[in-house]
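See structure below.
The values are calculated or read from the model by the stated rules, or taken from the named source; none is laboratory data. None of these values were measured; they are calculated from a predicted model. Using ideal geometry, Cβ is built from the backbone for each residue, glycine included, and neighbour counts are taken over all protein chains shown. Note: accessible area is taken over every heavy atom of the protein model, side chains too, but ligands, DNA and RNA are not part of it. Shrake-Rupley method; radii C 1.70, N 1.55, O 1.52, S 1.80 Å.
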Amino acid sequence: MAVTASIGAVSALRHARTAEEAMSRTQEALDLAKARRRGSLMAWRPNVEREAQRRVNIRVTDEIVTALNERRIVMAYEPVVTTVTREPAFHECLVRMRQEDGGCLLSPDIVPVAEKLGLIRLVDHRVLELVVTELAASPQARLSLNISPDTTMDPDWWASIESLLRAHPGVAERLIVEITETVATAATPEILGRLEALRGLGFHIALDDFGTGHCGFNYLKTLPVDSVKIDRSYVSSLINDRVAQIFVSALAQIASIQDITIVAEGVETEEEFALAKAAGCRRFQGYLFGRPVPLEEIGASARASSVPRLLTA
């Protein structure tokens, strides 16, 4: 067995005046050593850009935590439609953060930063609460939510979902939990067991952004998934890329044998819709069918009548 040691170091008192500062900067130096080359030594040095980024991270951390405390983390809903009627089969829930000045940050602005700063579990817990609350209020609605790889490993999240289910019977069958390829390729027996347990409670499991990572067709045989969402890069390439056409068609054939539904993401034109449908996709999501909107915009008229607030097919 060949063993290497990566070392992070800091000059105490000169660059670290407290134990907490010394440990933080030593860990930072260790991360840099691992990123540069395993088995190397990296000593912490002051860096203007890094310090500026640290201050930004502190500010953003405070903003996210404050938004969570003030209930300014909200949902937008994007329809996922059926082949024939183009009516929503369900809605995907996308996180939004309302700002104090009246603006709104979108998922791409929030999720990567929250993951980097270690706050994504807090965000995912709040999203779960919002989604279950909406499902309980709309008895015929079906919703999907994404969970990050970090949250997948969080026992508290699994405990929360079980607790919410006990408080709201009948919700599980109308909730789709979307996992990433990262989770799929690194799935341990523990994760697989948890996914199977979710399905046993009635949940549906979706594999998100298929085709962007290292997840191959063989994973579809071992993962307990009900649907696969093809990444938008393949959908947009269907028009003139023969490889993309073969990929989507082959995936659809394999999924059909295993009773897995294929969802095409990022559909923006009628031509993309027709090609994805011809390739075997059965659900479609994209701006062609509707952009993500707040609950009040898709439910205002429904709340005034007796129909569910979130329409389903």
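General observations
- Test: residue in the range 181-198 that is basic (Lys, Arg) and either under 22 Å from Val132 (Cα atoms) or in contact (Cβ under 8 Å) with a residue 60 or more places away in the chain (or both): yes
- Failed item in (1) on the phi < 0 side of the Ramachandran plot; (2) exposed (fewer than 14 other Cβ atoms within 10 Å of the Cβ); (3) modelled with pLDDT of 80 or more; (4) not basic (Lys, Arg), with Gly202 passing the rest: (1)
- Selection within the range 82-108 - open to solvent by 80 Å² or more (accessible area, probe 1.4 Å), over 15 Å from Glu70 (Cα atoms), free of Cβ contacts under 8 Å to residues at least 40 places away in the same chain and not hydrophobic (A, V, I, L, M, F, W, C): Pro108
- Filtered by the rule that a residue be surrounded by fewer than 18 Cβ atoms within 10 Å (Cβ to Cβ) and either of a type in the set (Lys, Arg) or assigned to a strand (DSSP E or B) (or both), the range 34-71 gives Lys34, Arg36, Arg37, Arg38, Leu41, Ala43, Arg45, Arg50, Arg54, Arg55, Arg59, Arg71.
- The range 88-122, subset of a type outside the set (Gly, Ala, Ser) and in contact with a Leu (Cβ under 7 Å, 6 or more places away or on another chain), residue modelled with the lowest pLDDT: Gln99
- When Ser24 is tested against the conditions (1) within 35 Å of the chain's Cα centre (by Cα); (2) modelled with pLDDT of 90 or more, the lone failure is (2).
- Single condition Glu100 does not satisfy, out of (1) farther than 24 Å from Tyr287 by Cβ; (2) in a helix (DSSP H, G or I): (2)
- In the set (1) in contact with a helix residue (DSSP H, G or I) (Cβ under 9 Å, 6 or more places away or on another chain); (2) in a helix (DSSP H, G or I); (3) over 30 Å from Leu207 (Cβ atoms), Asp124 fails one condition alone, (3).
- Segments classed as strands (runs of 3 or more DSSP E), wholly inside the range 214-298, with at least 2 members that are surrounded by 15 or more Cβ atoms within 10 Å (Cβ to Cβ) and more than 23 Å from the chain's Cα centre (by Cα): none
- Restricting the range 138-158 to residues that are farther than 21 Å from Val111 by Cβ and open to solvent by 50 Å² or more (accessible area, probe 1.4 Å), the residue that is modelled with the highest pLDDT is Arg142.
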